[in-house]
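A short worksheet on the structure shown next.
The values are calculated or read from the model by the stated rules, or taken from the named source; none is laboratory data. Every value quoted in this text rests on a predicted model; they were computed, and no experiment measured them. A quick note on method: Cβ atoms are made from the backbone with ideal geometry, for glycine too, and the neighbour counts reach across all protein chains shown. To get the accessible areas, we keep the full protein, side chains included, count just its heavy atoms, and leave off ligands, DNA and RNA. Shrake-Rupley method; radii C 1.70, N 1.55, O 1.52, S 1.80 Å.
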Amino acid sequence: MSTASQASFLVRPIQVADIPDFHRVLDGVCRERKYLAMLEAPPLEGTESFVRNNVQMDHPQFIALVNGQLAGWCDALPGESTHGTAHIGHLGMGVAKPFRRQGLGAKLMHAVLDKARDKGMVKIELEVYASNTGAVTLYQRFGFEEEGRKRRGRFLDDHYDDVVVMSLFLDT
Ligand SMILES: CC(C)(COP(=O)(O)OP(=O)(O)OC[C@H]1O[C@@H](n2cnc3c(N)ncnc32)[C@H](O)[C@@H]1OP(=O)(O)O)[C@@H](O)C(=O)NCCC(=O)NCCS
C-alpha cells in the first residue's frame, strides 16, 4: 500500500496531453471560490487553446505530479512586446486541496522562476487576495514584495477582499 512517505513528486513543463487533467484541477481550485478570480474553469476548448499556445511559445508553465496524478500548476506568462510588457511575466498557480503544504507550490515556483529568468523576463507580477495568507506567505518567501493594493477589490459571498499586487525582480 502506498503511503505519503512513498509518494513520488515530479515537476515538469506542461504538455498538450495534460490538458484534461489541468482543466479538472484548475476547475476544482476555481470552485473553492476563495483564491482565484474565476469561479469555474473556462470551457475545455478555452483551456486547450491557452495550454497549446503556452507549449508552442515555450512559455513557463509547469505542472506537479504526485504518483503520476496532476496535483498543481504554476505559470508566468509574458506581456505583449507591442505593449512594452514582454519583460514582465504574470504569475498564476494552484495546488489541488489534498496536496497542499507538501512542498509542491515551492517546487513549482522554483521551476517557473528559473525558466522565466532563462527566457529573459526581468519582472514577475501577480495579484492575490489579502485573505489568502498562505499564498502571500509563499510569495514573500520567494522575495515578492507588495507594490500596492486595490482596496475592496472583490466582493463575493458577502465579503470584501483587498487585491494585493506583488512583484519580484529577477535581475537584482
Ligand atoms: C498557495 C498554494 C499554491 C501553495 O501551494 P502549496 O503546495 O500548499 O505550498 P508549499 O507546501 O510549497 O508551501 C511552501 C511555503 O509557503 C508557505 N505556505 C503555503 N501555504 C501556507 C498556508 N496555508 N499557511 C501559511 N503558510 C503557507 C509556507 O511558508 C510554506 O512552507 P512550510 O510548509 O515549510 O511552512 C496553495 O495553497 C494553493 O493552491 N492555494 C489555492 C490556490 C491559490 O491560492 N493560488 C494562488 C492565487 S494568487
- For the stretch 4-169, what number results from the quotient of the Cα radius of gyration and 2.2 N^0.38 Å? 1.01
- Which whole-number percent gives the relative contact order of the chain, counting Cα pairs below 8 Å spaced six or more residues apart? 18
- Roll a 1.4 Å probe over the protein chains and send me the accessible area per residue for the chain in Å². 57
- Note on the structure: Scoring only Lys, Arg, Asp and Glu (+1, +1, -1, -1) among other residues with Cβ under 12 Å from the Cβ of Leu138 yields +4
- Which is the longest run of the chain containing none of the GluC sites (Glu not before Pro) found in DSSP loop states (not H, G, I, E, B) with at most 16 other C-beta atoms within 10 Å? 81-172
- Kindly write out, for the stretch 122-131 in residue order, the coupling ³J(HN,Hα) from the Karplus curve 6.51 cos²θ - 1.76 cosθ + 1.60 (θ = phi - 60°), rounded to whole Hz, with x marking Gly and Pro. 10, 8, 10, 10, 7, 10, 9, 5, 4, 5
- May I have the count of lysine pairs in the chain with C-alpha atoms under 25 Å apart, counting pairs 8 or more residues apart or located on different chains? 9
- Item | Rounded Å value of the spacing that divides the Cα centres of the stretch 17-76 and the stretch 136-162 | 21
- Task: Would you mind putting 72-79, 114-121 in packing order, based on average other-beta-carbon counts within 10 Å, highest first?
- Result: 72-79, 114-121
- Query: Under a point-charge model restricted to the Cβ atoms of Lys and Arg (+1) and Asp and Glu (-1), what is the dipole moment magnitude of the stretch 1-114 relative to its Cα centre, in debye to the nearest 20?
  - Reply: 540
- Query: Can you pull the percent of the chain's accessible area that's carbon plus sulfur, 1.4 Å probe, other chains left in place?
  - Reply: 51
